[in-house]
Amino acid sequence: MAILPVVTYDDPVLRKTAEPVPEKYPGLDQLIEDMFETMYEANGVGLAAPQVGHSLRLFVVDADVITEEEDGVSHGPGVFINPEIKPLSDDRVEAEEGCLSLPDVREPVSRPDKIQISYLDRDFKFQTENVEGWYARVLQHENDHLKGILFIDYLGSFRKRLLKKKLDNIRMGLVEASYPLVPKEL
Ligand code: NI
């Protein structure tokens, strides 16, 4: 296992549409293990493959630290390969999000509260689940990474303007985190 350096805003790999993961993708098991280790080390609740430099439709989550507190439910660690998400209702909820690729940035984001996620699990078995609350939020945030979307993309122009300095500093590699970041070439 290894802790992988995390790619930060606004690296091109975070803006690409990720490629589907083929079955028997070489090194997939190792990548998944390393992503979990990196996520736990960084105290994150989710990590998408593009965040560690792999433009693949894959993310890992373990959001129990939030969902047990906020929703009284636990899901354990999850691996989501080639996921598809659709909202199950028009109800939207706003809550503050952060992202390991945007150290020290936390902003409120409005998202559908109930979703259906279809995906391949670690054994490439097809799964479909209906989920809600914080777990649904985390899955949507991670799934966005596979489409080149960051949560700050949902902010209005006023919030974005307030964030500009912070984002510039991240882009220039002037921020540090408690976990390793991919160094920027200045
Ligand atoms: Ni993120």
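The values are calculated or read from the model by the stated rules, or taken from the named source; none is laboratory data. It should be emphasised that the depicted structure is a prediction, and the values quoted were computed from it without experimental measurement. With ideal geometry, Cβ positions are generated from the backbone for all residues, glycine too; neighbour counts draw on all protein chains shown. Note: accessible area is taken over every heavy atom of the protein model, side chains too, but ligands, DNA and RNA are not part of it. Shrake-Rupley method; radii C 1.70, N 1.55, O 1.52, S 1.80 Å.
Quick notes on this one:
- Residues in the stretch 12-171 average 49 Å² of solvent-accessible surface per residue, probe 1.4 Å, ligands and nucleic acids excluded.
- Formal net charge of residues neighbouring P183 (Cβ-Cβ distance under 14 Å; K, R +1; D, E -1): -1
- Taking all Cα pairs closer than 8 Å and separated by 6 or more residues, the relative contact order of the stretch 12-171 comes to 24 percent.
- Equivalent-ellipsoid semi-axes for the stretch 12-171 (Cα gyration tensor, √(5λ), whole Å, largest first): 24, 20, 15.
- Packing-based order for 93-100, 33-40, using average beta carbon neighbours within 10 Å, highest first: 33-40, 93-100
- The sum of -39500 (n - 2.57) across all DSSP H runs of n ≥ 4, divided by the residue count of the chain, sets its helix-only mean residue ellipticity at 222 nm to -8000 deg cm²/dmol.
- Among the trypsin sites (Lys or Arg not before Pro) within the stretch 1-89, those in coil by DSSP and having at most 11 neighbouring Cβ atoms inside 10 Å are K24.
- Neighbourhood net charge (14 Å Cβ-Cβ; Lys/Arg +1, Asp/Glu -1) for A18: -1
- Cα-based Rg of the stretch 1-64 normalised by 2.2 N^0.38 Å, two decimals: 1.06
- Bridging of K184 to aspartates and glutamates at a Cα separation below 19 Å is possible for D10, D11, D104, D168, E176, once same-chain residues fewer than 8 apart are set aside.
- For the stretch 3-52 versus the stretch 131-186, the gap between their alpha-carbon centres in whole angstrom: 15
- For peptides 2-8, 122-128, 77-83, sequence by mean Cβ density within 10 Å, most packed first: 77-83, 2-8, 122-128
- Checking the Cα-Cα distances for K24/K86; K16/K86; K86/K164; K114/K166; K86/K166; K114/K165 against a 24 Å cut-off, the pairs over it are K24/K86; K86/K164; K114/K166; K86/K166; K114/K165.
- Cβ-Cβ distance of N130 and S178, R₀ of 41 Å, FRET efficiency by 1/(1 + (r/R0)^6): the value works out to about 0.75.
- Net length available on complete extension from D10 to D168 is 56.0 nm, with 0.36 nm assigned per residue and the Cα-Cα distance removed.
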